[in-house]
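Student: The structure that follows is given in the form of structure tokens.
The values are calculated or read from the model by the stated rules, or taken from the named source; none is laboratory data. Note that the coordinates shown come from a computational prediction; the quantities given were computed from them, not determined experimentally. With ideal geometry, Cβ positions are generated from the backbone for all residues, glycine too; neighbour counts draw on all protein chains shown. Keep in mind that these areas ignore ligands, DNA and RNA; they rest on the heavy atoms of the full protein, side chains included. Shrake-Rupley method; radii C 1.70, N 1.55, O 1.52, S 1.80 Å.
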Amino acid sequence: MGPGGACWRGGGVPGGFKRWLSSQARAPRVCVVGSGPAGFYTAQHILKHHDLARVDIYEKLPVPFGLVRFGVAPDHPEVKNVINTFTHTARSDRCAYYGNVTVGRDVTVGELQQAYHAVVLSYGAEDNRVLGIPGENLSGVYSARAFVGWYNGLPENQDLKPDLSCETALILGHGNVALDVARILLSPLDLLRKTDITDSSLAALACSKVKRVWLVGRRGPLQVAFTIKELREMINLPGARPVLDPADFAGLGNAVKDAPRPRKRLTELMIKTASEKPGEKTVAAQVAAAAREWGLRFQRSPQEVLPTADGRRARGVRMALTQLEGSGDSAKAVPTGDVEELECGLVLSSIGYQSLPLDPAVPFDPQRGIIPNSSGRVEGAPGLYCSGWVKRGPTGVIITTMNDSFDTAQSVLEDLQAGVLDVSASREGFGAVGSILRSRGVRPVSFSDWEKIDAAEVARGKAAGKPREKIVDPEEMLQLIGH
Amino acid sequence: MAAPGPLRLLRAAAAARRWLLSASPAAGARPGRGRAAAAVAVGAARPFGLSARAALSSEDKITVHFINRDGDKLTAKGKPGDSLLDVVVDNNLDIDGFGACEGTLACSTCHLIFEDHIFEKLDAITDEEMDMLDLAYGLTETSRLGCQICLKKSMNDMTVRVPEAVADARQSIDMSKNS
């Protein structure tokens, strides 16, 4: 990407050389840290609404797209269609991608701020909240995040090798990640085979003995965090029978009569499923024959993961029964004093992701796990912005992150327009950062490098009838592009 | 940032794959773009064969007005059977973030608000569309997803409104936090 390349190639661009000169002086250089949906949607919005701005996107891994590649379930290829738009953004003359660069280690935020007029932090939530209960580190206990990373080919989780030799799995949490994990554990293998799930996790799932999955939440049916699409998908999963206790839903039909539509429809779907007797179902025979089952358990708070006699593996979870104080989203689960033990050999904690501080120079609120900000403007740090999960916490679906990123981009654009961001002095952007990286022996991966990796993955998948076979070893990715 | 030509093919292929694989009759009931793509792929009957579509004169086209978030009016034409997402993509209409999942009922970014008299005559909504609409920003009584609404002659000159991205809807959905 040469300087002013777009203008020269454009030929008929009005303004010609004069405009090229002035654009060089005034082109705002923006840096985005993280190439997930937040990073790409922020870049897209800035590029679209500012004719001169140039955006460089930095990514820790060699490959782009963050949770679209490593979080979205392999059997949800539709959601991954956003990659087409991201690719279009990355191919823009005014956008560049630099993978394999860890901000905070290879280059500091301060150095980025020297090289760019504005720096947007969109690095997401790379950690998970921990249960903080005894037995959490026993074999057979995993974070749902690591499990998701494992089947989605995230390099850092490839050694997880979860033990799937038990019949009952317990997932702690009632969010969409919990449902994703339950669905992957119980899906017929033939459905997964056609997805981009990694070959090694497919092989492990083929040997899985898991046939029963309980999803356990501290609060009640009115507080579940998953969305209706994911629940309906689970209910319709071939070969798996939903086990919902009608008693859990008694009186809830009335309670949600005037609730907002999403909560009302979600609750009604649970009630309907709980009250359906197998004989009433159109696919009764199929349901009766279902070898696998799953269910929702409410008002149970995990107290301890119980070890096997040899003290090494999980054999169950002891849970405190709870009652709710208050109602709606703010209801609190308070232990009743009663406990219950549930036997299971596999425990997956899915109680939320968590952002980590990136660099001592960046303010961070450890309580809320976010960078303190106002409409994406980092508090007390002019020129620094944030978007996505690190801005608002690890919640929401793709449209949430899209709107949130557009909001941050809007703040950047406003600050450019109002002169809050001073662009009178030009910044070197990657020109400066590239030198720093070279001096530290770091070789960035370009977007065309990624396209080579992408093509190789697609070719490998083709033979197996999969959309792609992900390369899970960063070294192998780098070798492939001749690094 | 509008999608160029090759992206459209990608989209159609992706949509066709999804709907061909979809086992649920309910889910396959009335996908706009998906239906068109699937029908072409399997050679099933649809209102217009490819050649007939190509022969359509401009008089057969249907005019749609979009009121964008900033209040600007965008006017475009589409063929009968095209979804409103098709109209936006084919005409490169500049609507931020529209159609992120490319018509596969996996997001709600093509949410549009209809005039009462048009809304009343739209085909019945599926559970799957309702599920995604539940996550839409600025939901109204006459909201639908543009990818699921196919043009009919009776819609000529209709006006649809792009909802604003309302800030207070942002906290409504939780993806990963425990209850």
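Student: Partner chain Cβ atoms within 10 Å, averaged over the residues of B:135-143 - can you pull that number for me?
Tutor: On the way: counts 9, 2, 4, 0, 3, 0, 0, 0, 0.
Going residue by residue through B:135-143 and averaging, the value is 2.
Student: Return the loop-located trypsin sites (Lys or Arg not before Pro) in region A:309-388 (DSSP other than H, G, I, E, B) with at most 15 other Cβ atoms within 10 Å of their own Cβ; answer none if there are none. Write down the numbers at each step before the final one.
Tutor: Details: sites: A:Arg312, A:Arg313, A:Arg315, A:Arg318, A:Lys332, A:Arg368, A:Arg377; in loops: A:Arg312, A:Arg368.
Passing both the DSSP loop test and the Cβ count: A:Arg312, A:Arg368.
Student: Please report the antiparallel percentage of the DSSP beta bridges confined to chain A, to the nearest 5. Write out the running numbers ahead of the final one.
Tutor: Details: 23 of 62 bridges.
Roughly 35 percent of the beta bridges in chain A run antiparallel, per DSSP.
Student: Separate question: Taking square-rooted eigenvalues a ≥ b ≥ c of the alpha carbon gyration tensor, is region A:289-344 rounded, prolate or oblate, where a/c under 1.5 means rounded and, failing that, a/b exceeding b/c means prolate?
Tutor: Working: a/c = 3.22, a/b = 1.40, b/c = 2.30.
It is oblate, given that a/c is not under 1.5 and a/b is not larger than b/c.
Student: Does region A:428-483 come out rounded, prolate or oblate, given a ≥ b ≥ c as the square roots of the eigenvalues of its C-alpha gyration tensor, rounded meaning a/c under 1.5 and, failing that, prolate meaning a/b above b/c? It would help to have the intermediate numbers written out before the result.
Tutor: On the way: a/c = 4.34, a/b = 2.64, b/c = 1.65.
Taking the square roots of the gyration eigenvalues as a ≥ b ≥ c, region A:428-483 is prolate.
Student: Past 31 Å, Cα to Cα, is the threshold; run A:Lys161/A:Lys452; A:Lys462/B:Lys153; A:Lys211/A:Lys470; A:Lys209/A:Lys391 against it and keep the listed order. Could you put the intermediate results ahead of the total?
Tutor: Numbers: A:Lys161/A:Lys452 29 Å; A:Lys462/B:Lys153 42 Å; A:Lys211/A:Lys470 27 Å; A:Lys209/A:Lys391 40 Å.
Too far apart for the 31 Å limit: A:Lys462/B:Lys153; A:Lys209/A:Lys391.
Student: A follow-up question, please. Please give the helix A:16-26 orientation as an angle from the longest Cα principal axis of chain A, in degrees from 0 to 90, rounded to the nearest 10.
Tutor: Compared with the principal axis, the helix lies near 60 degrees.
Student: Kindly state, to the nearest 0.05, the FRET efficiency for B:Asp90 paired with B:Thr140, given R0 = 30 Å and r defined as their beta-carbon distance. It would help to have the intermediate numbers written out before the result.
Tutor: Numbers: r = 26 Å, r/R0 = 0.86.
Calculated value: 0.70.
Student: Across peptide A:262-269, what mean number of C-beta atoms from other chains lies inside 10 Å of a residue's C-beta?
Tutor: Working: counts 10, 2, 1, 5, 2, 0, 0, 2.
Mean number of neighbouring Cβ atoms from other chains: 3.
Student: Which angle between 0 and 90 degrees, to the nearest 10, do you get for helix A:447-463 versus the longest principal axis of chain A when only C-alpha atoms count?
Tutor: It is inclined by approximately 40 degrees.
Student: In peptide B:95-107, what is the residue-averaged number of other protein chain Cβ atoms found within 10 Å of each Cβ?
Tutor: Working: counts 0, 9, 11, 0, 2, 11, 9, 5, 2, 6, 2, 11, 9.
If you average over the peptide's residues, the count of other-chain Cβ atoms is 6.
Student: Report the Cα centroid-to-centroid distance between region A:48-98 and region B:71-120 in angstrom, as an integer.
Tutor: 23
Student: At q = 0.07, 0.10 Å⁻¹, what log₁₀ I(q)/I(0) does chain A have when each alpha carbon counts as one equal point scatterer in the Debye sum?
Tutor: Values, matching the q order: -0.42, -0.82.
Student: Ordered by packing density, taken as the mean number of other Cβ atoms within 10 Å over each peptide's residues, highest first, how do B:143-153, A:169-179, B:63-73 rank? All intermediate terms of the calculation are to be shown ahead of the outcome.
Tutor: Working: B:143-153: 23.2, A:169-179: 27.7, B:63-73: 14.5.
In descending order of packing, they fall as A:169-179, B:143-153, B:63-73.
Student: Follow-up. Can you give me the distance in nm between label points at A:Ser139 and A:Asp127, each placed 7 Å from the Cα along the Cα-to-Cβ direction?
Tutor: 2.8
Student: To continue, here is another question. Tilt of helix A:37-49 relative to the longest C-alpha principal axis of chain A, in degrees (0 to 90, nearest 10)?
Tutor: On a 0 to 90 degree scale, this one is about 40.
Student: Kindly provide the helix-only [θ] at 222 nm of chain A, computed as the sum of -39,500 (n - 2.57) over DSSP H runs of four or more divided by all residues, to the nearest 500 deg cm²/dmol? Let's see the in-between values first.
Tutor: On the way: 19 runs with 174 residues, N = 483.
Taken over chain A, the calculation gives -10000 deg cm²/dmol.
Student: Something else about it: If you find the alpha carbon centre of region A:102-142 and of region A:432-483, how far apart are they in angstrom?
Tutor: Using only Cα atoms to place each centre, the spacing works out to 22 Å.
Student: Then there's this: Pop out a list of residues from region A:68-90 that are at least 50 Å² less accessible with all the protein chains around than in their chain alone; 1.4 Å probe, no ligands or nucleic acids counted.
Tutor: Relative to the lone chain, where solvent access is computed with a 1.4 Å probe, region A:68-90 loses at least 50 Å² at A:Glu78, A:Asn81, A:Asn84, A:His88.
Student: If I compute solvent accessible area with a 1.4 Å probe over the protein chains, what percent of it on chain A is carbon and sulfur? Spell out each step's value before the answer.
Tutor: Values: 10050 of 19790 Å².
Answer for chain A: carbon and sulfur cover 51 percent of the accessible area.
Student: Can you give the FRET efficiency to the nearest 0.05 for A:Ala463 and B:Thr159, using r as the Cβ-Cβ distance and R₀ = 56 Å?
Tutor: Numbers: r = 50 Å, r/R0 = 0.90.
For R0 = 56 Å, the calculated efficiency reads 0.65.
Student: Okay, next question. Is the C-alpha gyration tensor of region A:343-456 telling us rounded, prolate or oblate? Criteria: a/c under 1.5 is rounded; beyond that, a/b larger than b/c is prolate, otherwise oblate. If you can, show how the numbers build up before the last one.
Tutor: Numbers: a/c = 1.83, a/b = 1.22, b/c = 1.50.
Taking the square roots of the gyration eigenvalues as a ≥ b ≥ c, region A:343-456 is oblate.
Student: Let me ask you something else. Can you work out ³J(HN,Hα) from phi for every residue in region A:290-300, in order, using Karplus 6.51 cos²θ - 1.76 cosθ + 1.60 and θ = phi - 60°, giving whole Hz and x for Gly and Pro?
Tutor: Karplus-based 3J(HN,Hα) across region A:290-300 equals 4, 7, 10, 8, 8, x, 9, 10, 10, 6, 9 Hz.
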